[in-house]
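Notes to accompany the following structure.
The values are calculated or read from the model by the stated rules, or taken from the named source; none is laboratory data. Model, not experiment: these values are computed from the prediction. With ideal geometry, Cβ positions are generated from the backbone for all residues, glycine too; neighbour counts draw on all protein chains shown. The protein model used for the area step is the full one, side chains on, heavy atoms only, and it has no ligands, DNA or RNA in it. Shrake-Rupley method; radii C 1.70, N 1.55, O 1.52, S 1.80 Å.
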Amino acid sequence: MILKIVKYPDPVLLKPGEPVTEFNDELKKLVADMFETMYDGQGVGLAAPQVAVSKRVIVIDLSNKRDPEQKIVLVNPEIIESEGRQYGEEGCLSFPDLREKVVRAEKVRIRAQNTDGEWFEMDGEELLARCFLHEIDHVDGIVFLARMSPLKRSLNLRTIRKLQRDGNW
Ligand SMILES: [Zn+2]
């Protein structure tokens, strides 16, 4: 089922998600719906708060549905290590059509649970590291606007307010 993606500044995007404690069919259904919603929106990552579910759940697929082996589900994710620095463009399904350069770590190691509650660790570099960090920010209630320089943040906020006023957001 395709879920509705909420846009900034919906309050659900700005508060930390609740940890998942029950690894049941409801969680598996949420994950399946999140993949469907992400593919429909042509995104490579989606966090539960973006579909108005305030939980620490993330789906990622850098292959955009082309390679099933690249599907990643992170439940209750944490960053264990990060190193380096990369500067590159990001988009977000909760900020339609907005793209902006953001500084992120170049490499990260994360730990998370799968939908059965089993913990695992995973390394990410470059785009995958960027994606991990962007999505983990979402479950912490942080949007990428907060990671921009103050100047870019105010320019983008102005653009968003104008789009909202014109009914195009
Ligand atoms: Zn996002």
Just give me the residues in region 75-95 being β-branched (Val, Ile, Thr) and within 16 Å of Leu128 (Cβ to Cβ), in sequence order. Ile79, Ile80
Any strands (runs of 3 or more DSSP E) falling wholly within region 66-169 and containing at least 3 residues that are more than 16 Å from the ligand (Cβ to nearest atom) and either open to solvent by less than 70 Å² (accessible area, probe 1.4 Å) or without any contact (Cβ under 8 Å) to a residue 40 or more places away in the chain (or both): 71-83, 107-113, 119-125
For Gly167, only one of the following conditions fails: (1) at negative phi; (2) out of contact with any strand residue (DSSP E or B) (no Cβ under 8 Å at 6 or more places or on another chain). What is its number? (1)
Kindly evaluate Glu135 against the criterion of being under 14 Å from the mean Cα position of the chain (by Cα), among the charged types (D, E, K, R) and at pLDDT 95 or above. yes
Being within 13 Å of the ligand (Cβ to nearest atom), at pLDDT 95 or above and open to solvent by 40 Å² or more (accessible area, probe 1.4 Å): is that true of Lys7 here? yes
Residues of region 10-30 being open to solvent by less than 40 Å² (accessible area, probe 1.4 Å) and touching a Gly at 6+ places or on another chain (Cβ under 8 Å), in sequence order, are Leu13, Gly17
I need the full set of residues from region 55-65 which are open to solvent by 10 Å² or more (accessible area, probe 1.4 Å) and within 15 Å of the ligand (Cβ to nearest atom), in order please. Arg56, Leu62
Does any residue of region 35-45 turn out to be of a type in the set (A, V, I, L, M), within 25 Å of Gly91 (Cα to Cα), surrounded by fewer than 15 Cβ atoms within 10 Å (Cβ to Cβ) and in contact (Cβ under 8 Å) with a residue 40 or more places away in the chain? no
